[in-house]
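Novice: What follows is a single structure, and I will ask about it in a moment.
The values are calculated or read from the model by the stated rules, or taken from the named source; none is laboratory data. None of these values were measured; they are calculated from a predicted model. Reconstructed Cβ throughout: ideal geometry from the backbone, glycine too, with neighbour counts over all protein chains shown. For accessibility, only protein heavy atoms count, side chains too; no ligands or nucleic acids. Shrake-Rupley method; radii C 1.70, N 1.55, O 1.52, S 1.80 Å.
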Amino acid sequence: MQQRRPGFPARIPLVSGAAKPMAAPPARAAGFPAAALPTGLGLDSAAVRARMVQRLGAAGITMPKVLEAMGAVERHRFVDSGLVNQAYEDTSLPIGLGQTISKPSIVARMAELLLGAELVRTSGSLGRVLEIGTGCGYQAAVLSRLVREVYSIERLRGLHDKARAHLRPLRLANVHLLFGDGMLGFVQGAPYAGIVAAAGGSAIPPQWCEQLAVGGRLVAPIAGADGRQMLLVVDKTAHGLKQTVLESVHFVPLKSGVA
Ligand code: SAH
């Protein structure tokens, strides 16, 4: 697996148990660095985003931090120019190579679930999080505002490069983009306080559970025997793994290998 970790501290302490945050960048001030909006789009992006956040609240997202992050990340920057006017609708959109950007409500839902990890109750925040399926980089940008470090892995080179281009102007020092097969997790960064998958298979790869810290939480879609995908939460406790199956979801398939 090839990987690049810009701005990454020299060495990852491989500790067992709770994920120890590495030298974290200073807390980010509200808002990303000011950058000019794309011109000619006729889009008042802050107001449109505020309405999206209102709808997320009405749909049951309650954590103020999550709503704040959803309001701050400019989703229209992560989609192709022809789709910009749909960027704040609650819909998934094509991002190329047959993949999609997840709809805002599921990004917010998964973020909320991750923040429900036991480690957040015991240590106040979430340390390292591994995202499987970077896609265009949107969810990684949202997570960067909610957790200490985001490792995000993508198996399609074209999308890995696209995410890199989308995230570069945002200069998020705590996001590390990796190119590789996320079914193997990313052992060099383990243990993770959280693991979130944006693609669904018929089983959870054992590496994900192995690479989860005690007190950490995994959130992933999983397909049942009937092919229907459900959202699954796995909590790693001192006594073992505790699984909870939640609502039905629609994610692109989890695939092995890189392309
Ligand atoms: N997180 C994205 C969603 C991207 S769609 C967002 O912000 O909207 C899911 C992505 O998972 C696709 O880009 C797909 O290529 C990727 N994927 C599927 N299987 C994978 C694997 N084994 N390792 C890494 N990425 C994978």
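Novice: Would you confirm whether any residue within the range 153-165 is under 21 Å from residue 120 (Cβ atoms) and open to solvent by less than 20 Å² (accessible area, probe 1.4 Å)?
Specialist: Checked the range 153-165: no residue is under 21 Å from residue 120 (Cβ atoms) and open to solvent by less than 20 Å² (accessible area, probe 1.4 Å).
Novice: Do any helices (runs of 4 or more DSSP H) entirely within the range 112-182 hold 2 or more residues that are within 11 Å of the ligand (Cβ to nearest atom) and farther than 17 Å from residue 66 by Cβ, and if so, which?
Specialist: Details: elements: 118-123, 138-144, 157-167.
Hits in the range 112-182: 157-167.
Novice: Scanning the range 31-62 for residues that are at pLDDT 95 or above and open to solvent by 60 Å² or more (accessible area, probe 1.4 Å), which turns out farthest from residue 108 (Cα to Cα)?
Specialist: Step by step, filter the range 31-62, then rank; the result is 51.
Novice: If you scan the range 75-86, which residues turn out to be without any contact (Cβ under 8 Å) to a residue 40 or more places away in the chain and either closer than 18 Å to residue 59 by Cβ or open to solvent by 30 Å² or more (accessible area, probe 1.4 Å) (or both)?
Specialist: Within the range 75-86, 80, 82, 83, 86 qualify.
Novice: Say whether the condition of being under 19 Å from the mean Cα position of the chain (by Cα) and surrounded by fewer than 17 Cβ atoms within 10 Å (Cβ to Cβ) is met by at least one residue in the range 230-242.
Specialist: So far as the range 230-242 goes, yes, one or more of its residues are under 19 Å from the mean Cα position of the chain (by Cα) and surrounded by fewer than 17 Cβ atoms within 10 Å (Cβ to Cβ).
Novice: Being touching a strand residue (DSSP E or B) at 6+ places or on another chain (Cβ under 9 Å), over 20 Å from residue 87 (Cβ atoms) and among the charged types (D, E, K, R) narrows it down to one of 118, 112, so name that one.
Specialist: Just a single option satisfies the conditions, and that option is 118.
Novice: Restricting to the range 97-130, name every residue that is among the acidic types (Asp, Glu) and surrounded by 24 or more Cβ atoms within 10 Å (Cβ to Cβ).
Specialist: Hits for the range 97-130: nothing passes.
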